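Here's the structure we're looking at; comments come further down.
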Amino acid sequence: MIAHIYGLSYVESDDLHLCRRLCAPSRAYSLVDSSQVSTFLISILLIVYGSFRSLNMDFENQDKEKDSNSSSGSFNGNSTNNSIQTIDSTQALFLPIGASVSLLVMFFFFDSVQVVFTICTAVLATIAFAFLLLPMCQYLTRPCSPQNKISFGCCGRFTAAELLSFSLSVMLVLIWVLTGHWLLMDALAMGLCVAMIAFVRLPSLKVSCLLLSGLLIYDVFWVFFSAYIFNSNVMVKVATQPADNPLDVLSRKLHLGPNVGRDVPRLSLPGKLVFPSSTGSHFSMLGIGDIVMPGLLLCFVLRYDNYKKQASGDSCGASGPANISGRMQKVSYFHCTLIGYFVGLLTATVASRIHRAAQPALLYLVPFTLLPLLTMAYLKGDLRRMWSEPFHSKSSSSRFLEV
C-alpha cells in the first residue's frame, strides 16, 4: 500500500522539510544538474538491482524445490514463495481506485493519522532496508560465520547475515528519526523500491498494461485535475507535507518536559527520492511509485528474457520470424524497456522545466516503456505469448545469477 500512497510526480522542491510550493527554475539554470543526474542514475540502478534480485529469488526458490522434491519441475515465473505477491487482472484494475482512496484519506485526515502512518512507514522501511543490505552482510559474514540459522523461539530462525542487516537497518531508522536527514530518507526509500520490485510480480503483459494504464490515469487526474475539485493539488500536497516526529508526540503525551524530545525535526517520509543540486538551492524529487511501477514491468521482461533463453537454449529472441534482422533479435526486451524508461524520465524532466509545474511522471514513463515493448514483441512474434501465457520452462538447469 505504501507504493499506492506514494505515487508522486516529478517535481522540484526548495526545501526538504517545508516544501510547500514548487520552485520556478531559473532560465539560466542548466537542464543537466547534479540533482537530476543523481535522480536518473539512482532510479535506473534501483530498477536494475531490484529486477535481478527478483530473478535470483526465483532461482533460489527453484533450487529449494529441487532439494525438497526429487522430481523435476518447470520454472515458474510466479514463484511459489508465500512472501511473493502476484498481481492479477482484478487487482490491477482496482489498484488505482484503492490508491485514490488512500490519497484522499491522507489529504483530509493527515493530521489525525500522521503519527500512526509514520510509525508504520518506519517499520516497513526497516524491513525493506534490511533486505537491501542482506547481500552485503552475507558477503561480510561468509568467511567468519557459518550460514546456520539461529533460533529465537517464536520469532523464528535467522542467519548471522540477516541479524546483522536487520540491526544496521534499525540503527539507520533510529538515526533518521532523530535527525530527519534527507540522505537517510533516501536510503530508506531505496530499500522500499528494491523490496517492492523484488517481492511483487506481474504475471503477463496483459496485467502489466492494465496496471500501468490505470496508474497513468490516476497520476494525471490527481496532478492536473484535483485542484479544480479540491482547490489544491492533492498529489503534491500529500507528497510534500512533513509529519510530526513520533518522539516529539510521545514527549508531549507523557509530559516529559520542554527539553525532552522537543528538538527532533519533523519528518519528510521516505516515499520519494530527494537529491540536492550542486549549489544547494533546490532539491530534485521523484516519487518511489514512479520507480516501482515501471520497475515491475522491467522485472517482468527480465524474467521473460530469462525464460526465452532457457526455453531456446540460445540467446533470447533467436527463434523469431525470418524477416527480423539478427541485430534486432539480439536486443533483449529488458534493455529496450530500460532505454524507454530513461527517455521517459528525461521527457518528464524537460516537461517540468517547460511548464514550471508538477508533472505526472507516469504520463511519460508508461508510453515510453510500454509502446517500445509492445512493438518489439510484435515484431519478434512474442506478443501473443507474452500477453497471456504464464512462464514455463522445459529446462530446470538454470543457474543462480550473482548480483
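Read-outs: derived from the displayed coordinates by stated rules, not from any lab. Just so it is clear, the model here is predicted, and its values are computed rather than measured. Note: ideal-geometry Cβ built from the backbone for every residue, glycine included; neighbour counts use all protein chains shown.
Evaluate E = 1/(1 + (r/R0)^6) for Lys149 and Leu174, where r is the Cβ-Cβ distance and R0 equals 30 Å; express this FRET efficiency to the nearest 0.05. So the FRET efficiency works out to roughly 0.70.
For the pairs Lys206/Lys380; Lys206/Lys330; Lys149/Lys272, note any where the Cα-Cα span goes beyond 29 Å. Can you show the working numbers first?
On the way: Lys206/Lys380 17 Å; Lys206/Lys330 24 Å; Lys149/Lys272 35 Å.
Table pairs above 29 Å Cα-Cα are Lys149/Lys272.
Each of Ser268, Ser352 was scored by other Cβ atoms within 10 Å of its Cβ. Listed from fewest to most, they are Ser352, Ser268.
Put simply, the amide H of Gln359, placed in the peptide plane, has neighbours under 5 Å in Tyr10, leaving out anything fewer than 5 places away on its chain. Amide hydrogen proximity for Lys272: with H placed 1.01 Å from N in the peptide plane, the residues at 5 or more positions away or on another chain lying under 5 Å are Ile288.
Sorted ascending by nearby beta carbons within 10 Å, beginning with the fewest, Trp182, Trp387 become Trp387, Trp182. Computed from backbone phi with θ = phi - 60° and the Karplus coefficients 6.51, -1.76 and 1.60, the 3J(HN,Hα) list for the stretch 160-166 is 4, 5, 5, 5, 5, 5, 5 Hz; x is used for glycine and proline.
Rounded to the nearest Hz, the phi-derived 3J(HN,Hα) couplings of the stretch 367-379 under the Karplus curve 6.51 cos²θ - 1.76 cosθ + 1.60 (θ = phi - 60°) are x, 6, 9, 6, 5, x, 5, 5, 5, 5, 5, 5, 5, where x marks glycine and proline.
Put a dot 7 Å past the Cα of Leu45, heading toward its Cβ, do the same for Val331, and the two dots end up 2.7 nm apart. As a proxy for reagent exposure, Cys137, Cys336 were ordered by neighbouring Cβ count within 10 angstrom, fewest first; the result is Cys336, Cys137. Here the Karplus curve 6.51 cos²θ - 1.76 cosθ + 1.60, taken at θ = phi - 60°, turns the phi angles of the stretch 236-247 into couplings of 5, 5, 5, 5, 9, 6, x, 10, 5, 6, x, 5 Hz, with x standing for Gly and Pro.
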